[in-house]
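Shown next, in structure tokens, is the structure this report addresses.
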Amino acid sequence: MTFPAVLGRLATSGFRLRRSVVVQDTLTGRILLSANNSVHREQRCFTSDADYDEFLSTTSKARKPSAIRSLQPLVNLPGMISLGGGMPNAATFPFEKLTMQCTSGLELTLSGKALEEALQYSPTPGLPALNAFLMEHLIMEEHAPPERTGVERALTITQGSQDGLSKVFDMLLDADDALLVESPTYSGSLAYLQPKGVRLIEMETDGGGLIPDNLEATLRHWDDPTSYGDDGPRPKVLYTIPTGGNPTGASLSLQRKKRIYEIASEFNLLILEDDPYYYLRLEGDSSKHPSFLELDTDARVIRFDSFSKILSSGMRIGFVTGPKPLIERVNLHTQASNLHPTGVTQAMVLALLESWGKEGWKAHLEGVCAFYRSQRNHFLSSAERHLAGLVEWNAPDAGMFIWMKLLGVDDAQELIETKAVESGVLLVPGSVFLPNPRQSPYVRAAYSTASPQDMDTALERLAFLLEGNESSNNNK
């Protein structure tokens, strides 16, 4: 192994090199390590399954395939007689037919073999027909990820994307590992990560999402106590919500995504692309906003998709796409927990998507986006009318949320959780979205379900509270 390779291995494994060390390649004269601890790395890509081993948590490395679950793909082979798995006999199921009436008038029916498959135990990655449909149409056609020699991509269906997120966090992170995470970020992810004991390294954001320069500076000067001062190993994973971020509503531009991907490649990070609002583009369309998966020349992206925002949140159907050796680790977790995602809702989604076809899917998405665009515009109009001079905000171009800074308020939590509730307004204080606890003047508002009239009333009530708070502060 060459010395640069050794040095890179030491850096990515968290080996700490002192600030006074200067290392020079005697053959080329190139400085490999400078006084400020900046390691000059060659970009790295993954070429074999074994390349991902260093990212796995202790728990994930210990997982073994379920002997019973391993039989499942063999059950339907021609001529196979199963005396193995403890599957109930479908003849005892009390359902003959399930009929779904869509809002468009379309009627879908599950019966016979399709219904039996939906009601029975099924493969861990989901119903094979739905898994294949999603991979072909919503991954390969929609994102067209670059081919990688030596590394296949795979997809597994989960009980909503939250299920996938928690399993991937478990796969990649041990207690006290460092995770690079946007600040603010999704509180549902924090609810899993904080009790796990993960060190959450906050990355700065603005109206355009994660700031690449802050990400690069944090990684490049990780071992310099005057710059960052973290005592633990360098992070190996970045978690980001690139479209209509929750709670900020911010979306990463293609330019920022490319720069972030370059940084991830240089410092050998896996990118967790949590993208449930990908299809909720309120300006333009998703095809003009390539995903990290579409840029993934190194095979370092794990992508999370969800039907919760575009079909139904109660169906609990999401899917995770990424390098096959990592997706197989997620499947091992599923084998030991919920066995497989719910068959009936998977069958419903498959029947609907196949019935719609590409044009029906596109028309549905256009209708959903038009609805949320109207909702957002009504909210912004009311905000201008009632909150100008009291609140600062950026108009989101995707998603369901607006991130608002309450002017003259140091900590929004008491105002929102007490006074706003008493006034009949529900908002979420910004502090719950911060990876590390502290006060925040921000609040998150959702414009997804309230009527335009109710939104206007709610913001008028909030304005009254803020005016009263301002008056109270002036009288102190």
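Observations, loosely collected:
- Within the stretch 325-348, considering residues that are within 16 Å of residue 132 (Cβ to Cβ) and within 21 Å of the chain's Cα centre (by Cα), the one surrounded by the most Cβ atoms within 10 Å (Cβ to Cβ): 341
- As a summary of the residue check, residue 387 satisfies the conditions (1) open to solvent by less than 20 Å² (accessible area, probe 1.4 Å); (2) within 25 Å of residue 137 (Cβ to Cβ) except for the one numbered (2).
- When 97, 64 are screened for being more than 24 Å from residue 358 (Cα to Cα) and under 27 Å from the mean Cα position of the chain (by Cα), only 64 passes.
- Consider the stretch 235-278 and keep the residues that are of a type in the set (D, E, K, R) and in a loop (DSSP other than H, G, I, E, B). The one that is least open to solvent (accessible area, probe 1.4 Å) is 275.
- Filtering the stretch 191-207 to residues that are surrounded by 13 or more Cβ atoms within 10 Å (Cβ to Cβ) and within 19 Å of residue 232 (Cβ to Cβ) leaves 193, 194, 196, 198, 199, 200, 201, 202, 203.
- For residue 300, the criteria (1) in contact with a Pro (Cβ under 7 Å, 6 or more places away or on another chain); (2) buried (at least 23 other Cβ atoms within 10 Å of the Cβ) hold in every case but one, which is (1).
- From 183, 187, residue being polar (S, T, N, Q) and open to solvent by less than 40 Å² (accessible area, probe 1.4 Å): 183
Residue by residue, here is whether (1) farther than 19 Å from residue 247 by Cα; (2) modelled with pLDDT of 95 or more; (3) open to solvent by 50 Å² or more (accessible area, probe 1.4 Å); (4) not aromatic (Phe, Trp, Tyr) holds:
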site: 402; (1), (2), (3), (4): no, yes, no, yes
site: 434; (1), (2), (3), (4): no, yes, no, yes
site: 450; (1), (2), (3), (4): no, yes, no, yes
site: 455; (1), (2), (3), (4): no, yes, no, yes
site: 469; (1), (2), (3), (4): yes, no, no, yes
site: 472; (1), (2), (3), (4): yes, no, yes, yes
site: 476; (1), (2), (3), (4): yes, no, yes, yes
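- One residue from 103, 47 being within 30 Å of residue 127 (Cα to Cα), assigned to a loop (DSSP other than H, G, I, E, B) and modelled with pLDDT under 85: 47
- Once the stretch 404-431 is narrowed to residues that are of a type outside the set (A, V, I, L, M) and touching a Phe, Trp or Tyr at 6+ places or on another chain (Cβ under 6 Å), the residue that is surrounded by the most Cβ atoms within 10 Å (Cβ to Cβ) is 430.
- Index of the failed condition, residue 309 passing every other in (1) part of a helix (DSSP H, G or I); (2) basic (Lys, Arg); (3) within 30 Å of residue 101 (Cα to Cα): (1)
- Some residue of the stretch 353-362 being among the aliphatic types (A, V, I, L, M), more than 30 Å from residue 109 (Cβ to Cβ), out of contact with any Cys (no Cβ under 7 Å at 6 or more places or on another chain) and at pLDDT 95 or above: no
- Every residue from the stretch 393-452 that is at positive phi and within 20 Å of the chain's Cα centre (by Cα): 399
- Being in contact (Cβ under 8 Å) with a residue 12 or more places away in the chain, open to solvent by less than 20 Å² (accessible area, probe 1.4 Å) and farther than 14 Å from residue 304 by Cβ holds for only one residue in 173, 155, 138, and it is 173.
- Put simply, of 314, 357, 322, 367 the only residue that is of a type in the set (Gly, Ala, Ser), loosely packed, with under 15 Cβ neighbours inside 10 Å and not in a helix (DSSP H, G or I) is 314.
- Taking the numbered list (1) over 26 Å from residue 205 (Cα atoms); (2) in contact (Cβ under 8 Å) with a residue 24 or more places away in the chain in turn, residue 441 passes all entries but (1).
- Restricting the stretch 279-297 to residues that are open to solvent by less than 10 Å² (accessible area, probe 1.4 Å) and hydrophobic (A, V, I, L, M, F, W, C), the residue that is farthest from residue 149 (Cα to Cα): 282
The values are calculated or read from the model by the stated rules, or taken from the named source; none is laboratory data. What you see is a predicted model, and the numbers here were worked out from it, not measured in a lab. Here Cβ is always computed from backbone atoms with ideal geometry, including for glycine, and neighbour counts include all displayed protein chains. Ligands, DNA and RNA are excluded from the accessible area calculation, which covers all protein heavy atoms including side chains. Shrake-Rupley method; radii C 1.70, N 1.55, O 1.52, S 1.80 Å.
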